[in-house]
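The values are calculated or read from the model by the stated rules, or taken from the named source; none is laboratory data. In this text the structure is predicted, and so the values were computed from the model without any measurement. Every residue, glycine among them, receives a Cβ derived from its backbone with ideal geometry; neighbour counts consider all protein chains shown.
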Amino acid sequence: MELQDMKDRWNEYDRKLEANLRLNTQVLRELALNRVGSSLKWLSRKIVFELLIDLVAILALGAFTANHLGEPRFLVPALALDLFVIGFVAWSIRQWAEIGSLDYGESIVTIQRKLELLKIDRIRMTKWVLLLSPLLWIPLLIVTLKGLGGLDAYAIFPARWLAANLLLGLAVIPLMLWVSKRYADRMQGSPLVRGLVNALADRSLNDATRFLGTLSSFEKENG
């Protein structure tokens, strides 16, 4: 066999190998993006379900508000809860729209960046829900007792107790924000905290980012 023939065959092998790698990368990309899309569909459905529940809450609070327009002690707690739920709805709608606007034809890095931003946003939303819960539970108690049982929380519980719990809930917000900033670096290295963060972000979103991470690593190794 002449040297030129060997070179030609070697070049042919190289072309076939490169073509196979491109095909494998394309197949893996399609599989990974299909799994990403499937995971995000579950997240999208979950958000829609949450929105439906929130819509029911908004309607119920709206009816309660309309029935107590002349009673500030019931009106104010209901409005506080209503504003909270409306804000949560707006936040959820934005996330739902972001999922729907994802373009799977973009580069893997771009999709990864968008999903990481969505993951951070989900964590941030959950964080604020947890932070505001101690503050809102007293208004929730007042509205629930009145709306479902016709009971007056102001007559059942001492005014000092209600006020103390409300102030405590208000004080918790800056305290928890300070703790999270003060010890953020230490907590990031904790497996327990990382697990909690992943749980807050949602399993479907974690699965989607993991699939993309696998695909990104493959493309780098064979790029």
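Name the residues in segment 80-102 that are closer than 17 Å to Ser39 by Cβ and either in contact with a Ser or Thr (Cβ under 6 Å, 6 or more places away or on another chain) or in a helix (DSSP H, G or I) (or both), would you? It would help to see each step written out before you state the result.
Taking segment 80-102 first, the residues closer than 17 Å to Ser39 by Cβ are 95-96, 98-102.
Correct list: Gln95, Trp96, Glu98, Ile99, Gly100.
Out of all the residues in segment 100-112, is one or more modelled with pLDDT of 85 or more and more than 25 Å from the chain's Cα centre (by Cα)?
There is no residue in segment 100-112 that is modelled with pLDDT of 85 or more and more than 25 Å from the chain's Cα centre (by Cα).
When you look at Leu17, is it at pLDDT 90 or above and on the phi < 0 side of the Ramachandran plot, yes or no?
Answer is no for this residue.
Just checking, does segment 26-42 include any residue being in a helix (DSSP H, G or I) and in contact with a Ser or Thr (Cβ under 6 Å, 6 or more places away or on another chain)?
Yes: one or more hits.
Does at least one position in segment 75-93 carry a residue that is surrounded by fewer than 19 Cβ atoms within 10 Å (Cβ to Cβ), without any contact (Cβ under 8 Å) to a residue 40 or more places away in the chain, of a type in the set (S, T, N, Q) and more than 30 Å from Ala155 (Cβ to Cβ)?
no
Would you be able to tell me the number of residues in segment 141-170 that are within 31 Å of the chain's Cα centre (by Cα) and in contact (Cβ under 8 Å) with a residue 60 or more places away in the chain?
The qualifying residues number 3.
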